[in-house]
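A short write-up of the structure that comes next.
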Amino acid sequence: MTAAGNPPRRVLVAMSGGVDSSTAAALLVRAGWDVTGVHLKLAGTPAAEQVQGRGCCTLADADDARRVAATLGVPFYVWDLTDRFRQAVVEDFAAEYERGRTPNPCARCNERVKVAGLLERALALGFDALATGHYARVAGGRLLRAADAAKDQSYVLYMLGPAQLAHLELPLGGLAKPEVRALAAELGLRTAAKPESHDVCFIPDGDTAGWLERRLGRRPGTVVDPAGRVLGHHRGAYRYTVGQRRGLGVSAPGPRYVLSIQPATGTVVVGDREQLAIRVVVLERTSSTDGAGLRRGRAAVRLRAHGSEMGCEVRPGPGGRVRLELDEPVGAVAPGQAGVLYDGDVVLGGGTVTATA
Amino acid sequence: MTVPGAYLDYAATAPLRAEALAAMLPLLRRPAANASSQHAPGRAARAAVETAREQVAALVGAHPDEVVFTSGGTEADNLAVKGAVLARPAGARTVVVSAVEHHAVLDAAAWAAQDAGAVVRTAPVDGGGRVRLDALAALPVPGATALVAVMAANNEVGTVQPVAAAAEHAHAAGAPLLCDAVQAAGVPGIDVGRDGIDLAALAAHKLGGPTGVGALVVRRGTGLRPLLHGGGQERGLRSGTLPAAAIAGFGAAAAAALAERAQAGPRLRALRDRLRDGLARAVPGMEVNGDPDGGLPGLLSVRLPGLRNEDVLLLLDRRGVACSAGSACASGAASASHVLLAMGRDEPQARQTLRLSLGHGSAEADVDAAVAAVAHAAGQLAPVRAGSA
C-alpha cells in the first residue's frame, strides 16, 4: 500500500456505527492506511424520541462507531451536519412528495452530504481519500457494481464524477455480506451482529405517510380513474406513489394501481396493471461517472434500488435531460427515483426520473 | 495513536495535581473503611473527609459545616435548583436564571418548570456575556421566588459575572442566590460571605482533583430539600456513602488552588495574552468572545472567521494539541453554544468558535504549540476559508 519511506496515506472513513463501515475502517487499518473515523450526525431526532435500533444517527450508533474506532486505535470525531442534512435531504424529501414524486433520500444524501460533501471536506483537511462502507467498487477511475450482486449499492452512488472517484475508497466492494460479518467478528468489532437498517433514517418509526402529514398537513383530494370518474377520496396525494396497489381506499372489480399523481389538484389517478406500463423514461439532472456526459447508445438501466435491469437506448437531449427508450414495457416507475445506467459492471451515470410515457 | 502534545482544555477538566493523587493513594490502598463506621479505619476515613471539608470551605470562605459533598458540579447544581424549588410552596416557585448558566442549572430549572410547578424567568446577557443587571433586577418576584442563579464565571467564554449585585437583587426578593462556581473557584475565586452567595456549586476535577466528586456549599439558614434519600449522610442533604479517597483528593486540590491563587492569576493572564496575540497573528480577523480584558485569566474563547471549529479541532488533534469547541451535544458533536447565541452570535459564528483554556500545569511551550498548530490549520484550510468568505 505504501512505498518504503513514504508516510502512510491518510483516509477519512465515514463510520455510521453499522457493521459495514466498521469493517471498512478495519480493512483500511489492516491495509496500512492512516485511518481517521468520523460519524456524521445527520438526523436531528432528539435523543428522547429515538427508537432503539431504528433508523440511523442515534446516540447508540455514534457510541458504536466510537467504540469500534477505539478498538482499531484510530482517531474518531462526530461532526454535526444536521443543518446541511435538513436542507439538502429532509426538506427536499418533503418537497419532492409535495410535487407528486417519490424521492430517493439516500442518493440525495450521498450527492449532497455523505459522499460528495464529505469528500470535499476530507481533501481540504489533508486526507488523501474518503472511504465508506458502500458495496460498490472503484477501478481504473470508474465506478463498478459490487462483487456481491445482492448487496450492490452502486445505484445510490451514480452521481459521482471522476474527480470524486479518484479519491474514493470502497473496501467492501469485492466482498459478500457474510464475509463482511465474518471479518467483523474476527476483528472483534462489536457491530458484527448488528441488524441491517432499511428505514428512511430521519423517520425512525417507518411511518412515512404520517411524517409527511405532520409536515405538510392534510390535503384532501380525490382518487379517479383515467376517465376522471371519482372512485374515492384521500387525505393527501403525498401518501401515494406511482405503482402502489395497497391502501388506495377504492373498491373496484380488479386490483388497481396508482398511475399518476397530479400535485396541483391533489388528484390520484388509478387504473389496472396494463395501464401502468411505460416504454419511455426521461431523466433530468443527469451526470456521468466519466465526466463526459451520458452518450447516445445502448445501456442497461436500473430504476429502483432493488429492481431488475433492462436494456434501453440512451438519447441525450438538451438541458441535461436524457430520454431512455426501454426494450420492454415496465410498470411502476415513480418520478423522483434515480435512473442509473450500466454497461456491464460499469456505472455510466444516471439522473432523476422526471417523466415517463 | 496518542501524540504527546499540548493540553489546553482545562475548562473541560484539569490534570490531576500531584497533591491530590498523594492525598488519595493511602485511602485507596488501605482496607475498606466507611467514613460513617464507628471503628478505627472508619474514623481515619472520616478524618480525611473532614480535613477535605475544611480545605474546600476555606477555598470559598465558607464554614466547614456548610459543605455538602456531591458527585460533582452537575449534582450540586441540581440539588441547589431542585432542592430550593421543592423547599418552597407551590406558587412561590419562580426561578430566575441568567441565559448563560451551565445546562446543569438551565435543564434543572426546565425540569422544575415541567414537573414541579416552577416558573422560569431568564435574564439576558450583553454582547460580552455579562448578565444585564437592569433586567435581572426586575425578574425576581418578591416573596414568590425560590432561587436566583448567576454563575461566577462562564465556562465557555470566561466572562466573570456581577455575583454580589445579583445576590442583592435576589435577597431583596427574599430568594437565595445560587452561584455556579465550578469554573471560577480556583482563580479568581469566590467568597460566599463577601459576595452574598447562599448556594455555591463546585467540582473537584476543574481544580486538579479527581472526577466524580464536587460540593454544594449551603449557607446556614438556606432552605433546601434533599434529592437523594437513604443513610442521611451530609446532614440529610445528600445520602450515600462518602467516597473518602475522592473527597481527600478534592480537598488537597482545593488547598493547592488556594495556595497558588495570588500568583496564578497573573501567570495565567500572561499566558493567555501570549496565546491571544499569537492566534491573532495566525488568523487575521480573529475575534475574542467575552470580556477581552477581564474574564477568567486562563480561558480564551475566539472566533476564527471562515473556519469551522470541527475542522480546526481535527487538525489540532493531529498535531497533539487538545482544546475544545466550547460546547458539545450528547453524541460528542460540537453544537452551537447557547452561551454564544445568548450573546448575540449567530449559529455559523458559534460554529467557528474555539475555546482554549489553561491551568496549573500550563507553560509557554503549550501556548506556542497551540499557536503553531492553529497557524498550520489556518494555512491548510485557507482555500476553504476563501471559498466561504
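A short reminder: the numbers here are calculations on the coordinates, not readings from a lab. Just so it is clear, the model here is predicted, and its values are computed rather than measured. Positions of Cβ are backbone-derived with ideal geometry, glycine not excepted, and every protein chain shown enters the neighbour counts.
Across segment A:107-114, computed HN-Hα scalar couplings (Karplus, 6.51 cos²θ - 1.76 cosθ + 1.60, θ = phi - 60°) run 5, 4, 5, 5, 5, 9, 10, 6 Hz from first to last residue, x flagging Gly and Pro.
In chain A, helical runs assigned H by DSSP with n ≥ 4 each contribute -39500 (n - 2.57); averaged across all residues and rounded to the nearest 500, the mean residue ellipticity at 222 nm is -6000 deg cm²/dmol. Label sites at B:R274 and B:A58, each approximated as a point 7 angstrom past Cα along Cα to Cβ, lie 3.0 nm apart. Along the Cα-to-Cβ line of A:A163, 7 Å from the Cα, sits a label point; which residues in segment A:118-142 have backbone N less than 11 Å from it? So the set is A:120. Helical runs (DSSP H, four residues minimum) scored at -39500 (n - 2.57) apiece and divided by the length of chain B put the mean residue ellipticity at 222 nm at -13000 deg cm²/dmol.
When you restrict to C-alpha pairs under 8 Å that are six or more residues apart and normalise by the size of chain A, the relative contact order lands at 16 percent. Once the C-beta distance of A:A150 and A:V250 is scaled by a Förster radius of 41 Å, the resulting FRET efficiency is 0.70 to the nearest 0.05. Approximating the spin labels as points 7 Å out from Cα along Cα→Cβ, the A:E186-to-B:R235 distance works out to 6.5 nm.
Selection among A:S21, A:T102, A:A146 by position relative to the dipole of segment A:10-186 gives A:A146 as farthest towards the positive end (Cβ unit charges, Cα centre).
Checking every one of the trypsin sites (Lys or Arg not before Pro) in segment B:204-236 against DSSP loop status and a limit of 10 other Cβ atoms within 10 Å picks out B:R220.
Once C-alpha pairs closer than 8 Å and six or more residues apart are averaged by separation and normalised to the residue number of segment A:255-307, the relative contact order reads 22 percent. Counting neighbouring beta carbons within 10 Å and listing from fewest to most, the residues B:T353, B:T222, B:T51 come out as B:T51, B:T222, B:T353. Among beta bridges from DSSP that stay inside segment B:18-255, the antiparallel ones total about 45%.
Between amide H atoms placed 1.01 Å from N, distances below 5 Å from A:G232 occur with A:V223, all of them 5 or more places distant or on a separate chain. What the phi angles of segment B:58-70 give under the Karplus curve with 6.51, -1.76 and 1.60, with θ = phi - 60°, is a coupling list of 4, 4, 10, x, 9, 7, x, 6, 9, 8, 10, 6, 10 Hz, glycine and proline written as x. Ordering B:244-252, A:202-210, B:333-341 by mean Cβ neighbour count within 10 Å, with the highest value first, yields B:244-252, B:333-341, A:202-210. Legend: calculated FRET efficiency, A:T354 to B:D134, from the Cβ-Cβ distance at R0 = 56 Å, rounded to 0.05, equals 0.40. Loop-located trypsin sites (Lys or Arg not before Pro) in segment A:119-203 (DSSP state not H, G, I, E or B) with no more than 16 neighbouring Cβ atoms inside 10 Å: A:R190.
Computed from backbone phi with θ = phi - 60° and the Karplus coefficients 6.51, -1.76 and 1.60, the 3J(HN,Hα) list for segment A:292-304 is 9, x, 6, 10, 5, x, 8, 7, 9, 10, 10, 10, 8 Hz; x is used for glycine and proline. Each label was represented as a point 7 Å from its Cα along the Cα-to-Cβ direction; for A:Q262 and B:Q114 these points are 4.8 nm apart. Considering only A:I278, A:G319, A:V301, the residue lying farthest towards the positive end of the dipole of segment A:273-334 is A:G319, judged by Cα position with unit charges set on Cβ. Looking at the protein assembly as shown alone, DSSP beta bridges between its own residues are antiparallel in about 65 percent of cases.
The charge dipole of the protein assembly as shown, taken about its Cα centre with unit charges on the Cβ of Lys, Arg, Asp and Glu (plus for the first two, minus for the last two), comes to roughly 940 debye. How many percent of Cα pairs in segment B:18-255 exceed 29 Å? Summing the P(r) of segment B:18-255 above 29 Å gives 25 percent of all pairs.
Bridgeable lysines around A:K41 (alpha carbons under 21 Å apart, same-chain partners fewer than 8 residues away excluded): A:K114, A:K194. With a Förster radius of 35 Å applied to the C-beta separation of B:R43 and B:E364, the computed FRET efficiency comes to 0.15. Among B:W111, A:W79, the order by Cβ neighbours within 10 angstrom, fewest to most, reads B:W111, A:W79. Given a cut-off of under 8 Å on Cα pairs at least six residues apart, what relative contact order in percent is computed for segment B:18-255? Computed over segment B:18-255, the figure is 28 percent. The residues packed around A:R246, meaning those with a beta-carbon under 12 Å from its beta-carbon, carry a net charge of +3 if Lys and Arg are +1 and Asp and Glu are -1.
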